[in-house]
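All of the numbers you see were taken from the coordinates with simple rules; none came from a lab. Everything quoted here is computed from the prediction, not taken from an experiment. In this analysis, Cβ positions are derived from the backbone assuming ideal geometry, glycine residues included, and neighbour counts consider all displayed protein chains.
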Amino acid sequence: MTSALEHGTEDTPGRLGAVLRAAGNDRPRALGRHGPWVATTLDQARTVLTDPATYDFPVDVSRRAVRRAEMRGRSPHGVVAPLSHERAAGAAVVLRTELDLELARTAGAQHDAMALLRRPVARSTTAATLPALAAADRDRVADAVLDWVDALGPVIASPRPLPAWSRARRSEDGARHRLETLLDQLGAAEPPGTATVLAAGTQVPVAAGAWLLVGLAERPEVQDRLHTGGLAPVQVVWEVLRVAPPTWVTARVTRRETTLAGVRLPEGGVVLVSPLLLGRLADLVPAGECDRGAERVVLDPGRWDDATARPGAWLPFGAGPHACPGRTVGLAQLTELTSWAAAHRLDLVSPAYVDQSRGIFPRPALVEIS
Ligand code: HEM
């Protein structure tokens, strides 16, 4: 990650750099004359995420505008109940089994972390979401989820919402329809909502897991501390979710003119909340041995040695009515992945860069696993 997210923000390109350069302000920062505005403190971020009467959640997972009538409810996908610890434990068992199978299936020691994690994560998340499915059906659903996730890629990466007749949108519609039909045949409740949970719960943990493997591969000393029990896996997990939260930014749109920390926002103004920015604030994150001054950019799981330090203050799982319902599952998957990685030796094959086309993920994420 030294090669990707840990260097200074001055030269970080694109929207990512623009948002990060807003850090250090105590008022929301406008990126242009008409916004968007970046929330620069935890208080601002909490206000934006927890007040849906003022700040709308405007799009669904496939970037279709959500009708206002639906927005009166708490979520465009209906209320998604948080998944239990029991479901999370089941997801971890499936992940471990599938990682071993995937490693055995792939020839050679070199792996692209994003590719390696796809199937294990999809199966693990499907097991957590639909625990009654037999393994063969779970695997069919997981494959259909991956097809939809892949078809969603170009739609999400497009700078503007794509028209319904575009090739990318038609292919995405087809993949979503096939997944929903399969879920319906298997008796899943509310197939469209379940499909959304499965897609959100696959792509994001795959990206987080890839950052985790790349981060460990880059740091033999962290791997050594994990081997010897000097670090708990969960410390690594929180630190990766701080340095590289896959959902690094989320947006809300004001329903009416309002004021945020003294800054006037017009009706229809876009406000960005960034867990990546918040995770660099010295008042939310304890200092680590490798930090320079108030900087909090270096991946240093040892900063969480102090059991009184509170990880997660930078909202990697969001907050408010749209906060992540899969938080326990995501944490369990990443903790299991860290334990699995600690039983191997990881080396980075080539520098990883930040791909901003869909959240953030490392590319290439080439890791040698022995
Ligand atoms: C490391 C793992 C994960 C991270 C970092 C993560 C992060 C997030 C974040 C930040 C949001 C809020 C987005 C916003 O406010 O705009 C969110 C929403 C969501 N997440 Fe996760 N997530 C993870 C894993 C999962 C898993 C495993 C599932 C399902 C099993 C899941 C399902 C969802 C769903 C359905 C939403 C939308 C909730 C709504 O709009 O009401 N996530 N996630």
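Of the GluC sites (Glu not before Pro) in region 277-370, which ones lie in a loop per DSSP and count no more than 14 other C-beta atoms within 10 Å? Loop-located and lightly packed - 289, 295.
A crude spin-label estimate for the pair residue 53 and residue 294, with each label 7 Å from Cα along the Cβ direction, gives 3.5 nm. Segment residue 33..residue 256, full-extension length gain: 78.5 nm, with 0.36 nm per residue of separation and the alpha-carbon distance subtracted. Neighbour counts of other Cβ atoms within 10 Å put 149, 237 in the fewest-to-most order 149, 237. Is the shape of region 191-346 best called rounded, prolate or oblate, per the rule: a/c under 1.5 gives rounded, else a/b larger than b/c gives prolate, else oblate, with a ≥ b ≥ c the square roots of the Cα gyration tensor eigenvalues? Note, shape of region 191-346 comes out oblate.
For region 258-332, trypsin sites (Lys or Arg not before Pro) are listed when DSSP marks them as loop and at most 12 other Cβ atoms sit within 10 Å of their Cβ; the list is 292. Put in order of Cβ neighbour count within 10 Å, fewest first, the listed residues 344, 34 become 34, 344. Using +1 at the Cβ of each Lys and Arg and -1 at the Cβ of each Asp and Glu in the chain, identify which of 202, 294, 149 lies farthest towards the dipole's positive end. Looking along the dipole axis, the top candidate is 149.
By the count of neighbouring beta-carbon atoms within 10 Å, fewest first, 204, 155, 48 end up ordered 155, 204, 48. Taking a span of 20 Å or more along the helix axis (Cα atoms) and a mean Kyte-Doolittle hydropathy of at least 0.0 as the rule, the DSSP H helices of the chain that qualify are 85-105, 113-129, 135-157, 191-218, 327-342.
When the convex hull of its Cα atoms is viewed from all sides, the chain shows a mean projected area of 18.2 nm². Note on residue 157 and residue 170: the extension gain reaches 3.1 nm, defined as 0.36 nm multiplied by sequence separation minus the Cα-Cα distance.
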